[in-house]
Amino acid sequence: MDHEAILDNRADLASADAQDSSVNEEEMVFALQDQHHKFSMGLSTILQCLRMAEQEGGIPKLPSDWWIQVARRYSIILD
């Protein structure tokens with residue numbers, strides 16, 4: 001597994017307003033693989049996806065206090 005290539009192939013949300021472009025360093029990065037690609041995804045992107053899933057009713061609502069702590073720590077924009 002070529003870790004450098006995986007880290008260089010970072011998956012981000014397509015919506016520019018859903019992420020803070022000033023955040024360049026991730027505290028945690030996950031190496032992922034599908035049938036054709038190896039790539040990485042930062043924790044902030046996963047948390048943004050979780051927030052979108054919550055807003056769309058895909059998962060139960062999480063406590064507001066939890067989201068506030070997450071938003072402060074990972075620079076996630078809450079709507």
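The values are calculated or read from the model by the stated rules, or taken from the named source; none is laboratory data. The structure presented is a predicted model; accordingly, all values stated were derived computationally and were not measured. All Cβ positions, glycine included, derive from the backbone under ideal geometry; neighbour counts span all protein chains shown.
Restricting attention to the stretch 53-76, does a residue exist that is outside any helix (DSSP H, G or I) and at pLDDT below 90? Checked the stretch 53-76: at least one residue is outside any helix (DSSP H, G or I) and at pLDDT below 90.
Ser40 meets the conditions (1) touching a helix residue (DSSP H, G or I) at 6+ places or on another chain (Cβ under 7 Å); (2) polar (S, T, N, Q); (3) in a helix (DSSP H, G or I) in every case but one. The failed one is (3). Listed by first and then second residue, the pairs linking a residue in the stretch 54-65 that is exposed (fewer than 11 other Cβ atoms within 10 Å of the Cβ) to a residue that is in a helix (DSSP H, G or I) and at pLDDT 95 or above, with Cβ atoms under 9 Å apart and 6 or more places separating them unless they lie on different chains, are Pro60/Glu54; Lys61/Glu54.
Output the residue which, of all residues in the stretch 1-30 that are of a type in the set (Val, Ile, Thr) and more than 16 Å from Arg72 (Cα to Cα), is modelled with the highest pLDDT. Ranking the candidates gives Val29 first. Assess whether Met41 counts as being modelled with pLDDT of 75 or more, exposed (fewer than 11 other Cβ atoms within 10 Å of the Cβ) and within 13 Å of the chain's Cα centre (by Cα). It is false that Met41 is modelled with pLDDT of 75 or more, exposed (fewer than 11 other Cβ atoms within 10 Å of the Cβ) and within 13 Å of the chain's Cα centre (by Cα).
Candidates in the stretch 66-79 are the residues that are touching a helix residue (DSSP H, G or I) at 6+ places or on another chain (Cβ under 8 Å) and surrounded by fewer than 12 Cβ atoms within 10 Å (Cβ to Cβ); of these, the one that is nearest to Glu4 (Cα to Cα) is Ile77.
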